[in-house]
């Protein structure tokens, strides 16, 4: 008999009159705000303008949501397109189902568009936003708690997660709270990136690459604990292979980038640097040039009056 466990919410949606308030959506929204807030602070600290991170996020977030949903639907297509399923459910993003791999990939495309429009290097932006993304993932994982999904194997540990209902027909009981494991791991990843960035002055996309590599490390072992249906390759869950592949890409980028482009960018936002130069130089008063001319004439007259004739 379990002495303690983490209870699951009886339902994942509340109604404010006819308006549904879904816990999963709230977690995603809060995570986005945290990522933008922290990214903005880090961007300003690197010499960028306030508000730039939010402006680019207007492109990155929608692309990321679409990418995350596409990855989920493609890798779990039988949930939407097999016999007896309704393909319209593929658009019901509020019911859960976002793949982080697709979200980061297509979100990067959106960020690239936003950065290009402002003349900003994407790697510098990625470095600023990296720990914020990890915090956003940590918050977003609690959406799985509201939906009672993506849990691990049965367990009677004190921190076991109580499942009272399940869309996949699993027997109610207590299971490993893999959503919590990943949430805590992402918090650790965020602090790791912040520390490493301060200690080693990571630049040119290396802070983001460190975030990716660290996240993949945790995702691989947490994925092994999950018991939800998934595609397998050589007996291993698809997301484990994906984590391994992306991890290798991130580590390779870290090594190659550190050799080719050591250090950190001197300027991350050219427009901000130009504005800073103007502010430092100051503006002359409208009559400054006239005053200079008068001063020059006075000095010339004084010199002529005191000079010796030959």
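The values are calculated or read from the model by the stated rules, or taken from the named source; none is laboratory data. In this text, all values refer to a predicted model and were calculated from it rather than measured experimentally. Cβ coordinates were reconstructed from backbone atoms using ideal geometry, including for glycine residues, and neighbour counts include every protein chain displayed.
Working only within region 67-95, note down all residues that are closer than 20 Å to residue 22 by Cα, surrounded by fewer than 21 Cβ atoms within 10 Å (Cβ to Cβ), in contact with a helix residue (DSSP H, G or I) (Cβ under 6 Å, 6 or more places away or on another chain) and touching a residue at least 12 places away in the same chain (Cβ under 8 Å).
69, 90, 93, 94
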Revision key, fill the gap. Exactly one of 197, 168, 127 is at pLDDT below 95 and either under 24 Å from residue 225 (Cα atoms) or assigned to a helix (DSSP H, G or I) (or both), and that one is 168
Review point. Considering only region 87-104, how many residues are at pLDDT 85 or above and over 19 Å from the mean Cα position of the chain (by Cα)?
Key: 5
Point to revise | Boolean, residue 26 is closer than 19 Å to residue 150 by Cβ and in a helix (DSSP H, G or I) | key: yes
Point to revise | Within region 34-53, considering residues that are part of a helix (DSSP H, G or I) and loosely packed, with under 15 Cβ neighbours inside 10 Å, the one modelled with the lowest pLDDT | key: 45
Review point. Looking at region 157-164, is at least one residue out of contact with any helix residue (DSSP H, G or I) (no Cβ under 6 Å at 6 or more places or on another chain), at pLDDT 90 or above and assigned to a helix (DSSP H, G or I)?
Key: no
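Yes/no matrix, rows are residues, columns are (1) loosely packed, with under 11 Cβ neighbours inside 10 Å; (2) modelled with pLDDT under 85; (3) part of a helix (DSSP H, G or I):
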{"residue": "244", "(1), (2), (3)": "no, no, yes"}
{"residue": "268", "(1), (2), (3)": "no, no, no"}
{"residue": "277", "(1), (2), (3)": "yes, yes, yes"}
{"residue": "296", "(1), (2), (3)": "yes, yes, yes"}
Review point. Do we have residue 159 as surrounded by fewer than 16 Cβ atoms within 10 Å (Cβ to Cβ), touching a residue at least 12 places away in the same chain (Cβ under 8 Å) and more than 19 Å from the chain's Cα centre (by Cα) here?
Key: yes
Review point. If we keep just the residues of region 204-237 that are part of a helix (DSSP H, G or I) and within 17 Å of residue 152 (Cβ to Cβ), which is modelled with the lowest pLDDT?
Key: 224
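Is it true that residue 57 is surrounded by 16 or more Cβ atoms within 10 Å (Cβ to Cβ) and closer than 27 Å to residue 264 by Cα?
Yes, satisfied.
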